[in-house]
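Working notes, structure below.
The values are calculated or read from the model by the stated rules, or taken from the named source; none is laboratory data. These figures come from a predicted structure and were not determined experimentally. Cβ atoms come from the backbone with ideal geometry, glycine included; neighbour counts cover every protein chain shown.
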Amino acid sequence: MVRVIMLSPPGAGKGTHSKWLTQQTGAAHISAGDLLRAEVARGSDLGRQVASYTDRGDLVPDELIFRILAPAVVAAARDTGGYVLDGFPRTMPQALRAAQFGADLALTSNAVIYLTAPEEELVSRLLDRAQRDGRADDTLSVVRHRLAVFAKETAPLVDYYRDRGILLELSTDRPEAEVQADLLGQLQTRGLLLPAAGDSRLNHAEPAVAASPVTFDPPRDDQPGEHILT
Ligand code: ADP
């Protein structure tokens, strides 16, 4: 089963591409942002603490992140055998702690998907989304701050995972269907996903959600490059 980390600056398409990937694979979609927003909506003390960071576009402290995310990852892996981690880890300390956690629970990730787009494109997508969804942190100044936080805190993870040989890098500055086809192709090339019989997605860019089911090879914990969380 696929166990992947989606790593990207705000607006590059983590959420969008996580959704179809989970629909296709049956792995659980674990969105750090969605879990945090749900906690805020619940109005708990924890949610109020979370909002004091997210509203400004600052990262939520690791302690709170692990308290909220760890149960979701464990439940997802138990229920589906896989996961698409959307928005976590986002700092080197989170990545190192997740590594330990993953190794302890035999939940190591098998790929990290790094989505990119030019900065002005990211800003414009997020401002468009603000009009649609009204997210509190999608104002221009908070968006700029989130991008700066990404550059400082999250960008170092790109080299960390690249050095481990499990980074897949894709530009999302092109039609969504093309990104889907490219990503499926890269996962298949790495043996993380087996094409279904008659699968022609790689030859023409159609939305993957409309395509035939995809099958997976069994867990490959014995493979080099699997142990990115160590
Ligand atoms: P985006 O990628 O567009 O910023 P997310 O929904 O992934 O959106 O995250 C929204 C906010 O939630 C972030 O700006 C940050 O404040 C907080 N957040 C999400 N994931 C993490 C994380 N792993 N560590 C700390 N804070 C996080």
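Restricting to region 141-159, and then to whatever is in contact with a helix residue (DSSP H, G or I) (Cβ under 6 Å, 6 or more places away or on another chain) and buried (at least 16 other Cβ atoms within 10 Å of the Cβ), can you tell me which residue is nearest to Leu127 (Cα to Cα)? Among those residues, the one meeting the criterion is Val143. Pairs linking a residue in region 142-159 that is in contact (Cβ under 8 Å) with a residue 12 or more places away in the chain to a residue that is assigned to a helix (DSSP H, G or I), with Cβ atoms under 6 Å and 6 or more positions apart or on different chains, are Val143/Val123; Val143/Leu126; Pro156/Met92; Leu157/Ala95. The residues in region 50-72 that are assigned to a helix (DSSP H, G or I), within 8 Å of the ligand (Cβ to nearest atom) and in contact (Cβ under 8 Å) with a residue 24 or more places away in the chain can be counted, and the count is 4.
Please count how many residues of region 8-38 are more than 10 Å from the ligand (Cβ to nearest atom), within 24 Å of Val142 (Cβ to Cβ) and in a strand (DSSP E or B). So the answer is 1.
Among the candidates Leu157, Leu127, single out the residue that is in contact with a Ser or Thr (Cβ under 9 Å, 6 or more places away or on another chain) and either under 20 Å from Glu176 (Cβ atoms) or modelled with pLDDT under 95 (or both).
Numbers: Leu157 fails: either under 20 Å from Glu176 (Cβ atoms) or modelled with pLDDT under 95 (or both).
Of Leu157, Leu127, the one residue that is in contact with a Ser or Thr (Cβ under 9 Å, 6 or more places away or on another chain) and either under 20 Å from Glu176 (Cβ atoms) or modelled with pLDDT under 95 (or both) is Leu127.
Among helices (runs of 4 or more DSSP H) entirely within region 90-174, having at least 2 residues that are of a type in the set (Phe, Trp, Tyr) and more than 10 Å from the ligand (Cβ to nearest atom) singles out 156-163.
Among the residues of region 39-49, those that are among the charged types (D, E, K, R) and away from the ligand (no atom under 12 Å from the Cβ) comprise Arg42, Asp45, Arg48.
Rundown of residues vs (1) surrounded by 20 or more Cβ atoms within 10 Å (Cβ to Cβ); (2) in contact with a helix residue (DSSP H, G or I) (Cβ under 7 Å, 6 or more places away or on another chain); (3) farther than 30 Å from Ala181 by Cβ, yes/no style:
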residue: Val4; (1), (2), (3): yes, no, no
residue: Gly11; (1), (2), (3): yes, yes, no
residue: Leu36; (1), (2), (3): yes, yes, yes
residue: Val40; (1), (2), (3): no, yes, yes
residue: Tyr53; (1), (2), (3): no, no, yes
residue: Arg67; (1), (2), (3): no, no, yes
residue: Gly82; (1), (2), (3): yes, yes, no
residue: Ser109; (1), (2), (3): yes, yes, no
